[in-house]
């Protein structure tokens, strides 16, 4: 068994983006547009340029932040002081009186939701067999994520400790 | 006009010698601890994401009324939910530590070479953090339920 890793392709590898080719990922099952002289040519790249690269980078940078935000949150809520058994409305009201915890929770909400939603998008892309399945699952994911982000932000911004 | 067949020169690739005996392992990756770390990363990540929905929804009750929030939170203070909270700590802690490993594999020059050793470091730190955390959560549960 030869020990070369990934070097079995004929010819040198060239970066696809410098030669105007699209990256060889996420091909569609219907990806054969009409072009008389050039059948089965890939479509022109669409969408946000370099979206996948920025999504990849976001996962890593938000991941570093989330290690501290999420583990800190778990530590305070489950381990510190009396754990979950001390949490009630008054505890939340005291906590959110401080802008520090408001910003912490807002950052945790947005970073965790976007990080998680992008992870779910990857999972859907890996396991959905049909494009229609992928479309509906991604639509549901976008809807649920958007709803949760709007609801969470609304609650955090408009929180009123003297609510009856 | 450019066609797809450009760059294909026949006979340029060396034909590899046949293997002495067919291995049941089809790839270097399949069945390796590296694959299982990825499987666990995926399962814990999806689990945390579904928990997040529920958690934002229950916390949103603070906007409804203190009674509504306290009522729902009170149902969470049970031994079964306590066990689920321990499961959440397992999921988040593993996902965080293995995530740092993934970042190091991607960005650290020697990351890919030490990916396996880093997995054992992840397991070590996981145990070193999780066992005291389990002790503390267990202590809170003991004070509450026993």
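Quick note: the coordinates plus some simple rules give every number you see, no bench work behind them. The structure presented is a predicted model; accordingly, all values stated were derived computationally and were not measured. Please note: Cβ atoms are built from the backbone with ideal geometry, for glycine as well, and neighbour counts cover all protein chains shown.
Per-residue shielding of B:46-54, expressed as the average number of other chain Cβ atoms within 10 Å of the residue Cβ, stands at 5. Each peptide in B:43-53, A:130-140 receives the mean, over its residues, of other Cβ atoms within 10 Å, and ordering these scores from highest gives B:43-53, A:130-140. Counts of other chain beta carbons within 10 angstrom of each beta carbon in peptide B:60-69 average 5.
Decide, for region A:102-161, between rounded, prolate and oblate: order the square roots of the alpha carbon gyration tensor eigenvalues as a ≥ b ≥ c, take rounded if a/c falls under 1.5, and otherwise choose prolate if a/b is larger than b/c, else oblate. It is oblate, given that a/c is not under 1.5 and a/b is not larger than b/c. Stretched out straight at 0.36 nm per residue, the stretch from residue B:65 to residue B:36 would grow longer than its current Cα-Cα span by 6.0 nm. Peptide A:84-91 has a mean shielding of 6, counted as Cβ atoms of other protein chains within 10 Å of each residue's Cβ. Between residue A:132 and residue A:58, the FRET efficiency estimated from the beta carbon spacing at R0 = 30 angstrom works out to 0.65.
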